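Visitor: I am attaching a structure below and will ask some questions about it afterwards.
The values are calculated or read from the model by the stated rules, or taken from the named source; none is laboratory data. Owing to the predicted nature of the structure, the values given are computational and were not obtained by experimental measurement. Quick reminder, even Gly has a Cβ in these numbers, built from the backbone with ideal geometry, and neighbours come from all protein chains shown. To get the accessible areas, we keep the full protein, side chains included, count just its heavy atoms, and leave off ligands, DNA and RNA. Shrake-Rupley method; radii C 1.70, N 1.55, O 1.52, S 1.80 Å.
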Amino acid sequence: IDDPCKTPWDVCCVDPKTILSGTATVQVVDANGKPVAAGLKGVSGLKELSRVRVSGIVAPGSSKDVLVVNAGAIQIL
């Protein structure tokens, strides 16, 4: 990634409209469909700016403005 920002994962230098148009929230849920209250940083080597492939379903409550995906699988590429 060619970005002069020291913390590009926080997108502090990007126009908010651009961020919104290309953002999805991916959440891990438990067997009851409730979001798991734990971070994934460090799990299987996951870190900021890791390339991942996510498969899952669009979460209830998602809208055309806010896409939320309940992850069924996350693969680090």
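Visitor: Out of the stretch 31-52, which residues are closer than 26 Å to D65 by Cβ and more than 11 Å from the chain's Cα centre (by Cα)?
Guide: Those that are closer than 26 Å to D65 by Cβ and more than 11 Å from the chain's Cα centre (by Cα): G33, K34, P35, V36, A37, G39.
Visitor: Please work out if V36 is open to solvent by 60 Å² or more (accessible area, probe 1.4 Å) and either at pLDDT 90 or above or among the small types (G, A, S) (or both).
Guide: Yes.
Visitor: Restricting the search to the stretch 1-22, which residues are in contact with an Asp or Glu (Cβ under 9 Å, 6 or more places away or on another chain) and in a loop (DSSP other than H, G, I, E, B)?
Guide: T7, C13
Visitor: Do we have any residue at all in the stretch 37-47 that's more than 23 Å from P8 (Cα to Cα), in contact with a strand residue (DSSP E or B) (Cβ under 6 Å, 6 or more places away or on another chain) and not hydroxyl-bearing (S, T, Y)?
Guide: For the stretch 37-47, residues more than 23 Å from P8 (Cα to Cα), in contact with a strand residue (DSSP E or B) (Cβ under 6 Å, 6 or more places away or on another chain) and not hydroxyl-bearing (S, T, Y): absent.
Visitor: Related question: Only residues that are within 24 Å of T7 (Cα to Cα) and open to solvent by 70 Å² or more (accessible area, probe 1.4 Å): list them for the stretch 41-66, please.
Guide: Matches in the stretch 41-66: K41, V43, S44, K47, L49, R51, R53, V66.
Visitor: Then there is this: Filter the stretch 1-33 for residues that are open to solvent by 90 Å² or more (accessible area, probe 1.4 Å) and of a type outside the set (D, E, K, R) and give the result.
Guide: Within the stretch 1-33, I1, P4, W9, C13, P16, L20, S21, A31, N32 meet the criteria.
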